[in-house]
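One structure is given here, and the rest of the page talks about it.
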Number of protein chains: 6
Amino acid sequence: MRWLTSLLRLRRGALFDVWRGGQNYCTQSAEDSRPIGRYPTPYKKDLPYDIVELMEEVETKSGFLPNVFKLLSHRPAEFRAFFAYYDAIMNKETGRLSKSDRELIVVATSTANRCPYCVVAHSAVHRIYSKHTTLADQVTVNWELAELSQRELAMLKFAMAVAHAENITEEHFKELEEHGFDREDAWDIAMVSAFFAMSNRIAHFTDLRPNKEFYTMGRLPREKDKAEKS
Amino acid sequence: MRWLTSLLRLRRGALFDVWRGGQNYCTQSAEDSRPIGRYPTPYKKDLPYDIVELMEEVETKSGFLPNVFKLLSHRPAEFRAFFAYYDAIMNKETGRLSKSDRELIVVATSTANRCPYCVVAHSAVHRIYSKHTTLADQVTVNWELAELSQRELAMLKFAMAVAHAENITEEHFKELEEHGFDREDAWDIAMVSAFFAMSNRIAHFTDLRPNKEFYTMGRLPREKDKAEKS
Amino acid sequence: MRWLTSLLRLRRGALFDVWRGGQNYCTQSAEDSRPIGRYPTPYKKDLPYDIVELMEEVETKSGFLPNVFKLLSHRPAEFRAFFAYYDAIMNKETGRLSKSDRELIVVATSTANRCPYCVVAHSAVHRIYSKHTTLADQVTVNWELAELSQRELAMLKFAMAVAHAENITEEHFKELEEHGFDREDAWDIAMVSAFFAMSNRIAHFTDLRPNKEFYTMGRLPREKDKAEKS
Amino acid sequence: MRWLTSLLRLRRGALFDVWRGGQNYCTQSAEDSRPIGRYPTPYKKDLPYDIVELMEEVETKSGFLPNVFKLLSHRPAEFRAFFAYYDAIMNKETGRLSKSDRELIVVATSTANRCPYCVVAHSAVHRIYSKHTTLADQVTVNWELAELSQRELAMLKFAMAVAHAENITEEHFKELEEHGFDREDAWDIAMVSAFFAMSNRIAHFTDLRPNKEFYTMGRLPREKDKAEKS
Amino acid sequence: MRWLTSLLRLRRGALFDVWRGGQNYCTQSAEDSRPIGRYPTPYKKDLPYDIVELMEEVETKSGFLPNVFKLLSHRPAEFRAFFAYYDAIMNKETGRLSKSDRELIVVATSTANRCPYCVVAHSAVHRIYSKHTTLADQVTVNWELAELSQRELAMLKFAMAVAHAENITEEHFKELEEHGFDREDAWDIAMVSAFFAMSNRIAHFTDLRPNKEFYTMGRLPREKDKAEKS
Amino acid sequence: MRWLTSLLRLRRGALFDVWRGGQNYCTQSAEDSRPIGRYPTPYKKDLPYDIVELMEEVETKSGFLPNVFKLLSHRPAEFRAFFAYYDAIMNKETGRLSKSDRELIVVATSTANRCPYCVVAHSAVHRIYSKHTTLADQVTVNWELAELSQRELAMLKFAMAVAHAENITEEHFKELEEHGFDREDAWDIAMVSAFFAMSNRIAHFTDLRPNKEFYTMGRLPREKDKAEKS
């Protein structure tokens, strides 16, 4: 069953290479020695080949393996379905949402669900993509007061309405349109919010904890970025 | 990309044939003439072959095509991911959860999110699987007062905690164990709840409406069942 | 003390004969053998004559005796007061509220209070009066998304504000007026909501359970109705 | 239709004569000159005889006519039903609830619904019955911190659970039993709470305002009481 | 450390002499014999001189010593800081807020926090300052329905938004401006609300109880006021 | 009026010198060019001498002036009272609360109020005092799931109960005692929570924003700390 590997291979560069920026590499052994959640993580030798292949590729590219991969490998069929879905939503290459827009939606909605893994990991990814070192922290405390553009504010307002399982009306879509988001963009925003409504709950019942690397990733401007600015 | 079709083919009998019980067949043309949600439904001729194949198989077996298939066909990649995930969770053949247990979880948690499609459709499926004609209605009004066994009550209590994105503690798992659910069963319960946390929100932003057939499905005992009882 | 019997006699035809439609008759003995609530139901021979008379009339006309009659007969003085009040509100023959409007208000507001008896029983009565087989179910899941006219939506919005004990302002009345409800109609809507705020709580502390007949009443179009439509 | 008058005549002394204590008499004309709610109050000459008779009796005994009588006279049938029900519950002469117990329940539950008329009027009546000049005020701010006996605390805890439309379980009844309340007393407590769930909402939609007299009634010990104590 | 005494001396007349109106003097010894809160109250001989001096001055002028003084004397440094802050906010002599405006804010916001001491004590002070004998009671039950001017309503709406820790936007300030409050007045309103957000919580953890005198203070018009009106 | 300066001078080393760790110095002029809140910040030349003296001392020691000093200087009397109170609570040198305990309480309770300034600034101070680089971030997302000791968990549980203005009972104190906190420590915990209930609301109505320096302070171990560990 090679479909997931094939599917992800095409886009994984864009997906994971951002995770190399700024953090110290942790040794894999150190990571293995502490629990990352409530369920046992299988040994690689016991995992299906396609899952190992994906995990190794991610680890090689990112410098560490995000704990969500380890955790979900406990259920290979669900692992495949989760990451295929994730890929379809988060790496979709059409529409008006940038990758950092999507990460911002994840941070805001996961904060509403108080999800440690999702907030910490996706705040890190947002910092990398957006090169904005404090916006995710601001959104975590109070998204309505964060230094957002009107467009971002409208995007998060819609995402939060979906996250809270509110009735979504035509009024919601009109507000988005005023900021340049059409109905396909609305679908994209809402689907990220909906997918993480699920992810947050998975993280809660598995007690999934963020890798230490995420806390500091992207907090300091990279040398390259500094050089470019000057 | 035949993986989904292949995957589902194996189990689809168990999945969908229950939907034939008790309802009148609606003509497809009648269904097509009214909106089932906020997004346009593509013509079959414009859909990828694997999706058409799945939809036709479901329609043939069930007598009608549940609107969620039509709606999600607007996004083929997400259609595939959604149903592959659905299949992995709802048709999993190991563990202590019966199919009607899973449907009951869907009904209870979708009620918390006030999701018309999910409550109505899965109440129908629950009636078919459980042959209990009123339990889903009871759960929709007030799950804590429904005529549930202690085991079912513990199961729904856990599912609701996940649905509400509460912090899940060891105490939650112990309560489940007292009713015979081990940690793998807990995962199954929680994952159904988490998946429908997503589904409910998708139904909200797409304004997905239930097929008329669902309202009456399984309300009257089938002749065969009556005969068996006597 | 014949007042209640006299009062109700005039209108009872309109009140209860709808309950005969579509359900199977249950045997009274079967009903008697299971608990309908937390308090003991008196034997008929121990009840005051006016209460027995009313109960027998209702049972004869409806084909079964709704459990609320049995339950409240535990307190004859309150029985009389409750049904006199019920009659004054639910069978009032002036104003713009139809009987099915009133039942819809009961369903919506009783859902907010998660009252098994009131939602199930009055959903049945609504189906009978309105000949709409699914609207009560829709309102039970999510009244704001149900297939309601703008008039019905305004009516339920007001009823829900009363049910939630919100401050009712002139703005509320103006919204009703825009849909043709004057202040006397507003009183009628609000009083149904207020009365069932009480009824729902009575059902909760007595653990009142709906008769089985209510679940299926009015779900299938009656032969007569079918004939009329064709 | 003399039943209500007859019914009330027997008990009205106990009911209303407490309202004479401590307040200055207001002239009826002064009261008439200002609105007591949102609906018009009929002239006495236009009211049915039994309602006028009751109102005059109350006014004579109490020194003023509580506004709820004026307000509900707008709907004579509902007036009769309301006060008959009120009488059955609040003037019930069996069981362990004292009249001041019942008033305390009204104050606590009406505070939860933020009902100006009910809180102010029944705080006054509580002061009269209990001769405790500050307890109602304490309950209005925070019933859990008020100077209540353990018995009163258990009583209010149960009443509040009913007021909030919570599911009432056997556990609730056991807690009451520990403080000497049997199941009939539980019914009495709950019914007062349920009845005022209705009354509070009636007061909200009619914008019913308390008579000025209620604010000061019973705040100062009466000369007679002082004399008795010394 | 004489600063507090000096600071307060200038304004104390205005602050405390209102407390003399209408109440009976309680004997200090009676007060000392019952607990006013959860923490021990020091003997005067053990208190720093500046604190004793302030307490004696307050007691002399008011006729009794409000319990908050006794309670906070348990921590002299915090006593000084609390009353210096209180003085800066509540006795500020510039701006458009009257003293009774400030007391009304305290009553409304302390009610939201269900604080027995703050509601009862400041309702009394409000009655004294405003000479309105029932407005504080009305605000305690339901500030939105109280007999407030539009200006007072806007003031309380803003104060409540601050009390609930809502995000305060430019819209809030514009609403205030429409009723004549500029940004400095907004600061004054908000700061009273913020300060009592603290005070209410102090009263909660110390279980601070109001002096009996507060319940009746200012309820009856003083002879002088009556004379002036006639 | 030198008391505040005198008071703070004694302790300010302990208070502010932690703020020097890890951050880049911003130029004061850069800070001045952007708004830090909704109210105007006075020029130093217009400020009272004692306030300037304090601000300069803080800026010299910390390398930058936290925005709360600038903001509150708009109201000198309140500035003095606020910082005197702050000093009495946060720099109290007795009891079992460490400075990092107090900062953790601030982070947890300010998160409940969604206060950008308080969460960001005090997370930074917590990192400096505790040398734990991620705990404040964890508490901001979900304090109940953070890597806290049982003692810290009990401390935050109590602080949160105070922050939410819950009724504080003897049970709360017993739970604290089980983790070694006596009633004086309870006062300290609660007072920090209560003080920041006020501070959070001040930050909200003034729209106070954190200095940029706070976001990165203390995230990386200082060279000295690294050396000590090796």
* **Separation of alpha-carbon centers, the stretch B:140-216 and the stretch E:171-194, rounded to whole Å** => 46 Å
* Residue-by-residue Karplus 3J(HN,Hα) for the stretch F:201-207, coefficients 6.51, -1.76, 1.60, Hz, glycine and proline x -> 6, 4, 4, 5, 6, 8, 6
* Structure fact -> For the stretch B:66-75, in residue order, the Karplus 3J(HN,Hα) values (coefficients 6.51, -1.76, 1.60; θ = phi - 60°; whole Hz; Gly and Pro = x) are x, 4, 4, 5, 4, 4, 6, 5, 4, 10
* To do: Could you tell me the accessible area of residue C:114 in Å² (1.4 Å probe, neighbours in place), rounded to the nearest ten?
  => 80 Å²
* Asked: Tell me, what HN-Hα J-couplings in whole Hz come from the Karplus equation 6.51 cos²θ - 1.76 cosθ + 1.60 at θ = phi - 60° for each residue of the stretch B:180-185, using x for Gly and Pro?
  -> x, 9, 8, 5, 6, 5
* To do: Give the ranking of F:50, E:207 by solvent-accessible surface, highest area first, calculated with a 1.4 Å probe.
  => E:207, F:50
* **Whole-angstrom gap from the stretch F:96-114 to the stretch F:57-76, using each part's C-alpha centre** => 21 Å
* Structure fact -> Links exceeding 22 Å between C-alpha atoms in this model, out of A:174/B:45; E:70/E:92; D:99/D:131; E:212/F:92, come to A:174/B:45; E:70/E:92; E:212/F:92
* Cα principal axis extents for the stretch B:78-130, largest first, Å -> 29, 26, 18
* Can you pull a Stokes-Einstein diffusion coefficient for the stretch F:148-201 at 25 °C (0.890 mPa s), Rh from Kirkwood over Cα pairs, as a whole number of µm²/s? => 221 µm²/s
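Beyond 20 Å, what share of the Cα-Cα pairs of the stretch F:39-105 remains, rounded to the nearest whole percent?
Every Cα pair in the stretch F:39-105 considered, those over 20 Å come to 36 percent.
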* When the dipole is taken about the Cα centre of the stretch A:99-206, and only Lys, Arg (+1) and Asp, Glu (-1) are charged at their Cβ, what size is it in debye, to the nearest 20? -> 580 debye
* Structure fact -> For the stretch C:99-206, the percent of accessible surface on carbon and sulfur atoms (probe 1.4 angstrom, ligands and nucleic acids excluded) is 51 percent
* **Complex-versus-alone comparison for the stretch A:117-155, residues with a loss of 40 Å² or more in accessible area, probe 1.4 Å** => A:134, A:141, A:142, A:145, A:147
* To do: Roll a 1.4 Å probe over the protein heavy atoms and report the accessible area of residue A:60 in Å², nearest 10.
  => 100 Å²
* To do: Please report the relative contact order for the stretch D:99-206, taking Cα pairs under 8 Å with a sequence separation of at least 6, and give it as a percent rounded to a whole number.
  => 34 percent
* To do: For the stretch E:88-160, report the convex hull volume of the alpha-carbon atoms normalised per residue, in Å³, without decimals.
  => 88 Å³
* To do: Skip the ligands, DNA and RNA, and give the accessible area per residue of the stretch A:99-206 with a 1.4 Å probe, whole Å².
  => 27 Å²
* Counting only the heavy atoms of the protein chains, how much of residue E:133 is accessible to a 1.4 Å probe, in Å² to the nearest 10? -> 40 Å²
* Asked: To two decimal places, what compactness ratio does the stretch B:99-206 give when its Cα radius of gyration is scaled by 2.2 N^0.38 Å?
  -> 0.99
* To do: Mind grabbing the interface size between F and E? I mean buried accessible area, both sides, 1.4 Å probe, in Å² to the nearest hundred.
  => 4000 Å²
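The values are calculated or read from the model by the stated rules, or taken from the named source; none is laboratory data. The structure presented is a predicted model; accordingly, all values stated were derived computationally and were not measured. We place every Cβ from the backbone using ideal geometry, glycine too, and count neighbours over all the protein chains shown. The area values use the complete protein model at the heavy-atom level, side chains included, leaving out ligands, DNA and RNA. Shrake-Rupley method; radii C 1.70, N 1.55, O 1.52, S 1.80 Å.
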